[in-house]
Each structure stands twice: as structure tokens, then as C-alpha cells.
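Below is one structure, written out as C-alpha cells; comments come after it.
The values are calculated or read from the model by the stated rules, or taken from the named source; none is laboratory data. Fair warning: this is a prediction, and the values are worked out from it, not measured in the lab. Note that we place each Cβ from the backbone using ideal geometry, even for glycine, and neighbour counts take in every protein chain shown. Only protein heavy atoms, including side chains, enter the accessible area calculation; ligands, DNA and RNA are left aside. Shrake-Rupley method; radii C 1.70, N 1.55, O 1.52, S 1.80 Å.
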Amino acid sequence: MAPPLPKSNLQLGTWLQTGSPIVAELADASGFDWLLIDLEHGCGTEAMVLPQIQVIRHAAAIVRVGAPHPDLIARSLDWGAAGIMVPMVSSAEKAEACVRAMRYPPRGDRGLAGMVRAFQYGLHRDMPTPVFYAQIETIEGVENARAIAAVDGVDVLFIGPMDLKLHLQSHPERTQMDYAACLREVAAAARAAGKACGLLCRQTDDFAELQALGFTHLAIETDITLLRESYRKVIQPLRADPAVVGLRDNPSMPSK
């Protein structure tokens with residue numbers, strides 16, 4: 001077993017893709033620092049966001065919108081999301097547009113409603129400042145990482161590994177950097193701006209090495225992948241056990 005990572009500013013999260021409030025509640029009770037409700041690739045609809053936020057009592061609830069639509073960003077924050085993740089943030093201009101959708105005037109354009117859940121339905125008027133995770137998923141995003149990190153209101157540069165790897169493979173003429181070099185560049189950009197850096201990880205990744213590079217906001221798998229692997233670990237040994245296979249294939253065997 002690998003030694004535990006030093007706590008410092010490490011923030012561990014996971015992806016919620018099933019849309020299930022029960023899974024969200026279980027993940028929250030399990031001790032994650034933040035939970036990502038995924039509206040880009042997840043199974044849940046917009047109507048399933050609020051029930052998940054309502055059962056997340058300890059972790060920070062972050063909503064990933066499929067695109068930087070100001071109305072959906074505002075609704076998610078009104079419902080009580082602690083922050084927003086936006087995919088494919090490839091320039092400082094795109095990052096600025098996201099920040100403006102998340103913030104009230106004078107910093108942004110978000111409309112104010114005092115009776116929403118974020119204000120405990122009007123019982124409190126403190127204006128929470130949402131956290132913005134800007135996803136770096138393209139070569140352009142990596143090249144502009146320092147400009148994106150410099151935008152006031154960007155809190156975390158968060159790499160989407162699958163899309164970034166696909167973009168590198170699809171456009172080899174665009175850059176001399178490989179995936180590892182992109183990780184180093186984005187981490188350096190975040191560090192230079194005093195911002196955090198994050199990554200969606202597999203359980204087999206070297207977390208100590210990632211933290212040494214400067215990655216502090218690490219998401220560990222998704223609810224779907226964790227369920228999938230748990231199911232496989234249960235069923236595969238039984239499929240391989242000749243005694244179990246023989247029992248299954250012999251209908252004449254007595255049953256309880």
C-alpha cells in the first residue's frame with residue numbers, strides 16, 4: 001500500500017455521473033473534500049442537480065456545466081453549488097466570460113435573487129464567492145494557461161486528461177509538447193499565478209508524483225468507474241472458480 005499523501009493543501013474529490021442523490025450522499029459521507037456533479041458527460045439531468053446538492057453537507061459541491069451558459073451557471077449557484085467547472089477553457093477571454101457569468105456586479109453580470117437556496121431562502125444575505133475550475137483540455141488551453149491563470153476569478157486550472165491526450169494525438173503538428181510536458185506547463189502556470197491546479201485521476205496514478213508537480217485538487221475516478229470495478233472484482237473470481245461454474249451449469253443441483 002502506498003504511503004498517504006501529506007495533507008498540506010491537498011483537496012481530494014470524485015466525479016458524480018450517475019445523477020443519484022444516494023450516491024452523492026454516500027460519497028459525501030466517505031470523506032471527500034469536493035464532489036463534481038457532471039452535467040457534461042453524466043447521466044443526470046439539470047433537474048437532478050439540486051437533489052444532489054441538498055445531500056452534500058460536508059464536501060464542496062461543484063457543478064460541471066456542459067458549456068458556459070450563464071443561465072445554467074447562475075441556477076446552479078443559486079441552488080447552493082460551491083463552484084462551477086467549465087470544460088474547454090482555451091483562452092483568457094473564455095475564462096473571463098465564465099467569471100462574469102458567476103459573479104455579481106461590478107465584477108460580473110449574474111442576476112441577484114435574495115430568496116434562493118444559496119441565501120438560505122432569504123434568511124441570510126452573505127454573498128458567497130463561488131470557486132471556478134477552468135478546464136484545460138486542448139493544446140491552445142495549455143499554451144494560454146498562464147494568461148488563463150492570470151484572470152481574476154479563476155481559482156483552479158483543471159486538466160481534462162482524456163480530451164487533452166486526444167487533442168495531442170489528433171494534432172501532432174500543433175506542439176512539441178507531450179502529455180507529461182503539458183502537465184508540467186499547466187502546473188507551472190498555476191503556481192506562477194498563485195492558483196491551484198487539478199486533474200482527474202485513476203487509482204493507479206502516482207499521486208505523490210502529481211502532488212510534487214503542484215497538483216493539489218485531485219479527483220479520484222467517477223462513481224460509475226468505481227461501481228464498475230467493484231462489480232467486476234466481485235463477479236470475475238466467481239466466474240473463474242470451477243466449483244461455482246459447475247454449480248451454475250448443473251440445473252439438477254439442489255437449491256436452498
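Structure notes:
- Residues (touching a Phe, Trp or Tyr at 6+ places or on another chain (Cβ under 9 Å) and either open to solvent by less than 20 Å² (accessible area, probe 1.4 Å) or farther than 12 Å from L10 by Cβ (or both)) located in segment 210-229: F215, L218, A219, E221, T222, D223, I224, T225
- For segment 12-26, residues that are open to solvent by 10 Å² or more (accessible area, probe 1.4 Å) and farther than 15 Å from L218 by Cβ total 8.
- Any hit, segment 111-130, residues being at pLDDT 95 or above and under 22 Å from H41 (Cβ atoms): yes
- The one condition in (1) closer than 18 Å to A134 by Cβ; (2) aliphatic (A, V, I, L, M); (3) in contact (Cβ under 8 Å) with a residue 40 or more places away in the chain that A74 fails to fulfil: (3)
- Selection within segment 61-86 - buried (at least 17 other Cβ atoms within 10 Å of the Cβ), small (G, A, S) and either assigned to a strand (DSSP E or B) or at pLDDT below 95 (or both): A61, G83
- Residue check, P130 in contact with a Leu (Cβ under 6 Å, 6 or more places away or on another chain) and crowded, with 18+ Cβ neighbours inside 10 Å: yes
- Lone unmet requirement of (1) closer than 27 Å to Q120 by Cβ; (2) open to solvent by less than 10 Å² (accessible area, probe 1.4 Å); (3) in a loop (DSSP other than H, G, I, E, B) for V89: (1)
- Going through (1) farther than 16 Å from L39 by Cβ; (2) assigned to a loop (DSSP other than H, G, I, E, B); (3) open to solvent by 50 Å² or more (accessible area, probe 1.4 Å) one by one, G114 falls short only on (3).
- Pair list, Cβ < 6 Å and 6+ apart or interchain, from segment 89-111 residues that are farther than 16 Å from R75 by Cα to residues that are open to solvent by 10 Å² or more (accessible area, probe 1.4 Å) and hydrophobic (A, V, I, L, M, F, W, C): A92/A147; A92/V151; A95/V151; E96/V151
- Condition broken by H124, with the remaining ones in (1) surrounded by 16 or more Cβ atoms within 10 Å (Cβ to Cβ); (2) more than 21 Å from T14 (Cα to Cα) satisfied: (1)
- Look at segment 119-145: where a residue is within 15 Å of A81 (Cα to Cα) and hydroxyl-bearing (S, T, Y) and a partner is assigned to a strand (DSSP E or B) and open to solvent by less than 80 Å² (accessible area, probe 1.4 Å), sitting 6+ places away or on another chain with Cβ atoms under 6 Å, you get Y133/M85; Y133/V156; Y133/F158.
- All of (1) out of contact with any strand residue (DSSP E or B) (no Cβ under 6 Å at 6 or more places or on another chain); (2) open to solvent by less than 20 Å² (accessible area, probe 1.4 Å) hold for C98 with one exception: (1).
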